[in-house]
Each structure stands twice: as C-alpha cells, then as structure tokens.
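Heads up, the thing below is written out as structure tokens.
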Amino acid sequence: MRRAIVAPFIAGALLIASGAPLAAQGFGVYEHGTCTMGRAGTAVASPCKDGSGIFYNPAGITGTPGFLVTVGTTVISAGGAFINDTTGLRTELDNDPIPVPHLYIQYGVNDQLALGLGVFVPYGLGTRWPTTFEGRFSGFDNDLRSIYIQPTAAFEVIDGLQIGAGLDVVIGSLELNQRIDLFEQFAPAPAPPGTIIGQLGIQRGTDVASAFVEATGATGIGGNFGIIYTPVEQV
C-alpha cells in the first residue's frame, strides 16, 4: 500500500523535473452565463437552459421549444502590482472594472431542432498603469478584445444524441499606449549618424512623447462544434 501511494508522487516529481517551463496569461473569459457560474463552470456535458449552450456546447440548445432571450454582463475587477526587485518600488494596477457582456437568442423549432444566435467576448485583456509607471515605455494603457457573433443550429439525431455547430464571426480591436524615452532616440545633426541622445548626457527614463496604436474591425472566421450523448439517464 505504501509503495502504491508513494509511486504517483515519484512519477509526478520526475515529470516536473523533466518538463519545459510554461507561461500563463489571463486572456480567456469563460463567465458567459449566471447559471453556469453558479455551477462552478460545469456546463459542457449538460448546458444550462438559458441559451448559454450556444457558447459552452451548441448541442445543448435543443429540447426547449419557442423563443428564449438571455442578456447578461460579467464585471471583472482586476488588481495587481509591479514591484521593482532592485528599488522595492511598488506600483499598483489602475484598471477600472471591465464589463464583459453576452447575449443569447434561441428558438426551438420543435423538440429536435433549435436555432440560435450568440454574441459574447470570450477573449480580452486590458491593463492600465499610472503614467509614472517605470514600465510605461513598454506600455501603460493597453486593451485587446475579440467580439464573437455566432449563429448556431442544433439537432437531436436520435433519442439521447444531440449535435450542434456555430459559425463564429470574430471582430477584433486593439489599443496600445506607451511613452517614448528620449534617452533612446537618435540625435539630430550635427551629431554623428547613429548617435543616441543618451550619449549626450540625457538620463534614461526621460519622457518626451506618447505613442498610440489603434486597430479595429479586424475580422476572422471560426467555429464551435459540440456533441452530447446520453446512453442512459444516469450516464
């Protein structure tokens, strides 16, 4: 029994020791339905009957005849700080609460066939720092989002077997703001070509201007496909 318990820990340690480093990012947003959030996110094998199956599993929108409309918003309040390892200076993130909306329109033609339309923002990321933030030359106010518009259809092929699919039309937008460091700019004539202003005595981290980049309307196409199979009521 002791060997059986210890072996998984040894195997796990070996996997960790031999694995490659991973990086994580807070980019995906999956809170697109209050019912699903109340279930702690369990809504793929058995989607809620509020239309959110359009997002979580398109096959799950069958079985509800008539019209159904759901509108909601998840408000995300992001917090965090940057601490300089050398100086110990701490800068707090200055984000406002971010609303993430969703809309589901569902029509059950009958018990077997359902149509729907979903609008949601499953990918988005925003960071805003004070203009005095020491990383402002990389970026201090940045926003990235992808709005999905998904027409959906689902059908119950046989009793217990449902399939569904949606076409995703994705509209993306991007906004980047950063400060320009005078230290890194090229000096004008009569300075020799290739001379940077920092070589003339200007201190690194001297603000001179702001740079702003905005892109909207970038469109992509994707898909969302799902199957639900219930062989017996208990499984």
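The values are calculated or read from the model by the stated rules, or taken from the named source; none is laboratory data. Just so we're clear, the structure is a prediction, and the values are computed from it rather than from any experiment. So basically every Cβ, Gly included, is an ideal-geometry build from the backbone, and we count neighbours across all protein chains shown. The accessibility values were calculated without ligands, DNA or RNA, using every heavy atom of the protein model including side chains. Shrake-Rupley method; radii C 1.70, N 1.55, O 1.52, S 1.80 Å.
Observations on the structure shown:
- Between 0 and 90°, nearest 10: helix 2-18 axis offset from the chain longest Cα axis: 50
- Taking all protein chains into account, the per residue accessible area for the chain stands at 62 Å² (1.4 Å probe).
- Of T87, G38, I149, farthest towards positive along the dipole that unit charges on Lys, Arg, Asp, Glu beta carbons give the chain: T87
- Using a Gaussian network model of the chain in which every pair of alpha carbons under 10 angstrom is joined by a spring, one finds that among A165, A153, A211 the greatest mean-square fluctuation is at A211.
- Projected area, mean over directions - the chain, Cα convex hull, nm²: 21.4
- Added length on full extension, which subtracts the Cα-Cα distance from 0.36 nm per residue, L161 to V109: 17.0 nm
- Ranking by accessible area, most exposed first, for S77, S52, S210, S173 with a 1.4 Å probe: S77, S210, S173, S52
- Segment 97-235 - percent relative contact order, Cα under 8 Å, separation 6 or more: 22
- Once all protein chains are placed together, L167 keeps about 90 Å² accessible to a 1.4 angstrom probe.
- GNM flexibility winner over the chain from P65, P190, P47 (Cα, springs under 10 Å): P190
- Note on I197: accessible area is roughly 30 Å² with a 1.4 Å probe, heavy atoms of protein only.
- Top of N57, N142, N84 by mean-square fluctuation, Gaussian network on the chain, Cα under 10 Å: N84
- Expressed as a whole percent, the accessible area of the chain that falls on carbon and sulfur atoms is 63 (1.4 Å probe).
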